[in-house]
Each structure stands twice: as structure tokens, then as C-alpha cells.
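The values are calculated or read from the model by the stated rules, or taken from the named source; none is laboratory data. Model, not experiment: these values are computed from the prediction. Using ideal geometry, Cβ is built from the backbone for each residue, glycine included, and neighbour counts are taken over all protein chains shown.
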Amino acid sequence: MKLVAVSDTHGDHQILEDILTQQPTADAYLYAGDSEFAADDPIFTHYQAVRGNMDFDSAFPMTRTLDVAGVTVFLTHGHRLMVGFSLKMLLEAATAAHAQVAIFGHTHQLGVEMHQGILVLNPGSISQPRGEFAALGGTYAVIEATPAQFTVTYYLRSGQPASGLEWTFNRA
């Protein structure tokens with residue numbers, strides 16, 4: 001199973017199209033909010049999207065729980081779950097959804113770790129990155145799952161893997 005996770009494009013439509021070309025074999029394309037587009041934009045026929053704090057179209061759901069090839073994914077932007085301060089509320093929501101993967105955005109900073117058997121991932125902002133990896137110019141994440149493991153690789157806007165940003169986690 002292969003997921004592509006992207007967030008926080010803030011009006012950059014072309015990069016979402018580019019990612020579809022760069023990663024043509026994904027089982028799902030997940031968008032964690034702050035596109036600044038309308039929910040009926042044609043790009044969202046490809047991406048499962050949620051509403052971010054800079055998305056003003058109320059047709060976007062605040063969260064989604066998806067089954068992708070047997071993996072339950074909880075998707076949110078995270079601003080209402082206070083992800084800038086703690087992952088506690090995000091983990092509670094993902095646990096309530098029986099998720100194995102929780103994807104969020106909002107902070108514009110990439111990060112991935114396992115918590116209580118849940119892979120928690122922020123793909124970073126593809127268009128306005130912040131923090132330690134801001135100099136990379138933006139990232140998105142690819143999650144590949146086998147029955148035993150999750151492998152997470154961060155990619156640059158160019159579609160090339162980001163050097164040193166790949167992790168493997170054992171599944172619970």
C-alpha cells in the first residue's frame with residue numbers, strides 16, 4: 001500500500017498536479033488542508049482533502065477517516081486539535097477512529113514518529129516550509145505499508161527523495 005501525503009500549498013495549484021505525475025502509482029493521495037481552493041476544484045477528484053484554517057469553503061470536511069488497502073488513516077489539518085502545542089488531541093482522535101496512521105498539517109514542519117502504535121506524520125508544507133528543514137524548499141511524504149512495517153520517505157518539490165529523510169517503523 002502506498003499513500004502520498006501533502007499539505008499547506010497556500011494557493012500553489014501546480015505542485016499538486018506535479019505530485020500526481022511524480023507519484024503515479026499511489027493507492028491514495030491525501031491533502032491535509034490549507035489549499036485556499038474551493039472544495040469543488042478539479043484537483044480534489046484526485047486528492048482526499050480536509051479543511052485547513054486558511055480554507056474558507058465549508059464543503060471541506062474537518063477530518064476524514066479512510067480505509068486504504070486495509071490501513072485506517074485519520075486525516076486532519078490539525079489546527080482544531082492544537083497540534084502546534086501537543087499531539088495529545090490528535091492521538092485521541094486517531095485512536096477513536098481506530099487509525100493506524102494519523103496525518104496532519106498546519107505547522108508547516110515535517111515530522112514522523114510512532115505513538116501508541118499509530119504512525120503520526122506531518123508532510124511539512126510543500127510551498128511554505130518552516131523549521132529545521134525549511135531550506136529544502138518544501139516537502140511531501142510517501143508512506144509505504146507492508147503487513148510488518150511502514151516506510152516513510154520525504155520528497156522535494158522536484159520529485160526527488162530528500163537526502164536522509166527516510167524512516168522505517170514496525171507496525172504494532
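Of the conditions (1) of a type in the set (S, T, N, Q); (2) part of a strand (DSSP E or B); (3) farther than 19 Å from ALA28 by Cβ, SER58 clears all except one; give me its number.
With (1) of a type in the set (S, T, N, Q); (2) part of a strand (DSSP E or B); (3) farther than 19 Å from ALA28 by Cβ applied to SER58, the lone miss is (2).
Determine which single condition MET82 fails, assuming it passes every other condition in (1) touching an Asp or Glu at 6+ places or on another chain (Cβ under 8 Å); (2) surrounded by fewer than 14 Cβ atoms within 10 Å (Cβ to Cβ).
Condition (1) is where MET82 drops out.
Just a yes or no: is a residue in the range 120-127 over 14 Å from the mean Cα position of the chain (by Cα) and at pLDDT 95 or above?
Keep residues of the range 120-127 that are over 14 Å from the mean Cα position of the chain (by Cα), which gives none.
Scanning the range 120-127 turns up no residue that is over 14 Å from the mean Cα position of the chain (by Cα) and at pLDDT 95 or above.
Among the residues of the range 31-72, write down those that are closer than 17 Å to VAL83 by Cα and among the charged types (D, E, K, R).
Residues of the range 31-72 closer than 17 Å to VAL83 by Cα: 31-34, 50-54, 62-64.
Passing the criteria: ASP34, ARG51, ARG64.
Mind telling me which of the residues ALA26, ALA39, ALA32 ends up being at pLDDT 95 or above and farther than 23 Å from SER158 by Cβ?
Values: ALA26 fails: farther than 23 Å from SER158 by Cβ; ALA32 fails: farther than 23 Å from SER158 by Cβ.
None of the others qualify; the one that does is ALA39.
Would you mention how many residues in the range 1-22 are surrounded by 19 or more Cβ atoms within 10 Å (Cβ to Cβ) and either aromatic (Phe, Trp, Tyr) or not in a loop (DSSP other than H, G, I, E, B) (or both)?
6
Quick one: in the range 38-54, which of the residues that are assigned to a loop (DSSP other than H, G, I, E, B) and buried (at least 20 other Cβ atoms within 10 Å of the Cβ) is nearest to the chain's Cα centre (by Cα)? Break it down stepwise before answering.
Going through the range 38-54, the residues assigned to a loop (DSSP other than H, G, I, E, B) turn out to be 38-41, 46, 50-54.
Checking which are buried (at least 20 other Cβ atoms within 10 Å of the Cβ) leaves us with 50-52.
On the way: VAL50: 10, ARG51: 13, GLY52: 12 Å.
This residue is VAL50.
Pairs please, first residue from the range 61-74 and hydroxyl-bearing (Ser, Thr, Tyr), second anywhere and assigned to a strand (DSSP E or B) and buried (at least 19 other Cβ atoms within 10 Å of the Cβ), Cβ atoms under 9 Å, 6+ apart in sequence or on different chains.
THR63/PHE74; THR63/LEU75; THR63/THR76; THR65/VAL73; THR65/PHE74; THR65/LEU75; THR72/VAL101
Within the range 86-171, which strands (runs of 3 or more DSSP E) (wholly inside it) include 2 or more residues that are surrounded by 16 or more Cβ atoms within 10 Å (Cβ to Cβ) and hydrophobic (A, V, I, L, M, F, W, C)? Before you say what the answer is, go through the steps one by one.
Details: elements: 101-103, 111-115, 118-122, 139-145, 149-156, 161-170.
So the answer is 101-103, 118-122, 139-145, 149-156, 161-170.
Which ones in the range 23-37 are within 12 Å of PRO61 (Cα to Cα) and surrounded by fewer than 20 Cβ atoms within 10 Å (Cβ to Cβ)?
Initially, the range 23-37 is screened for residues within 12 Å of PRO61 (Cα to Cα), giving 31-33.
Listed by number, the list is empty, since nothing qualifies.
Consider HIS98 against the criteria (1) more than 21 Å from GLU144 (Cα to Cα); (2) out of contact with any Leu (no Cβ under 9 Å at 6 or more places or on another chain): it satisfies all of them except one. Which criterion is unmet?
So HIS98 meets the others, but not (1).
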